[in-house]
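Shown next, in structure tokens, is the structure this report addresses.
The numbers here are math on the coordinates, done by the rules we state, and not lab data. A quick note: this is a predicted structure, and the numbers were derived from the prediction, not measured. Because the Cβ atoms are built from the backbone with ideal geometry, glycine has one as well, and the counts that use them run over all protein chains shown.
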Amino acid sequence: MTYNTQQTGGDQPTRVERRTDVDLFVTRLFAADVGRVYAAWTTPALFKRWWAPRSMGATITDCRMDVRPGGGYRITFAHPSSSEGATFYGRYLDVIPNERLVWTNDEGDEGAVTTVTFTPRDGATLLVLHERYPTKGALDRSYEGMEGGLPEQFGQLDRLLA
């Protein structure tokens, strides 16, 4: 099991854990109610403001979300060092408003199935992101950028919700 905890400024810590060879868990407590946190994950205008790690210089140029079972998403990134953007896309498998989102990552054969749960905690929200990869190698390759990127993204979300 590998984990990384990062805390900056007044932010809550983000815990990133590899619990098995194919399972990654990211946990953070947000000082906002469940409805606000859920909206930040399901409203394109809000999602674009926090998802791309600022330290990497990437920006989201297009964000489409049809948040319902069977609906799809498409997120396109641009980076100043590249003339080509990267696009991530998939479909929602399960949507329970203010409780859970489950989606596929279909841009390649090594994409994970992602589950995000939103649990109320005394006016705050405990968020758990779980990604299950098809193989250990797929998680190994994805984990390289996530270890620092996810805590940064969740810190950006924390500041958006403040």
Extension gain from Glu110 to Arg64, taking 0.36 nm per residue of separation minus the Cα-Cα distance = 14.4 nm
task = Note down the net charge around Ala138, summing +1 for each Lys or Arg and -1 for each Asp or Glu among other residues with Cβ under 11 Å from its Cβ.
result = -2
message = Let me check I've understood the local charge: for Thr43, count other residues with C-beta under 13 angstrom from its C-beta, Lys and Arg +1, Asp and Glu -1. What total comes out?
response = +3
ask   = Between Trp103, Met56, Ala31, whose Cα lies farthest towards the positive end of the dipole of the chain when Lys and Arg beta carbons carry +1 and Asp and Glu beta carbons carry -1, centred on the Cα centre?
value = Ala31
ask   = Per residue, what volume in Å³ does the Cα convex hull of region 2-161 take up?
value = 108 Å³
message = Please list 3J(HN,Hα) in residue order for region 63-75, calculated via the Karplus relation 6.51 cos²θ - 1.76 cosθ + 1.60 where θ = phi - 60°; whole Hz, with x for glycine and proline.
response = 9, 10, 9, 10, 7, 7, x, x, x, x, 9, 8, 10
task = Give a residue-ordered list of calculated ³J(HN,Hα) values for region 105-118 (Karplus: 6.51 cos²θ - 1.76 cosθ + 1.60, θ = phi - 60°; whole Hz; x for Gly, Pro).
result = 10, 9, 6, x, 6, 9, x, 8, 9, 10, 10, 10, 10, 10
inquiry  = What is the sum of charges, Lys and Arg at +1 and Asp and Glu at -1, for the other residues whose Cβ falls under 11 Å from the Cβ of Pro120?
reply    = -2
query = Roughly speaking, what is the stretch gain from Asp33 to Thr76, that is 0.36 nm per residue apart minus the C-alpha to C-alpha distance, in nm to one decimal?
reply = 12.6 nm
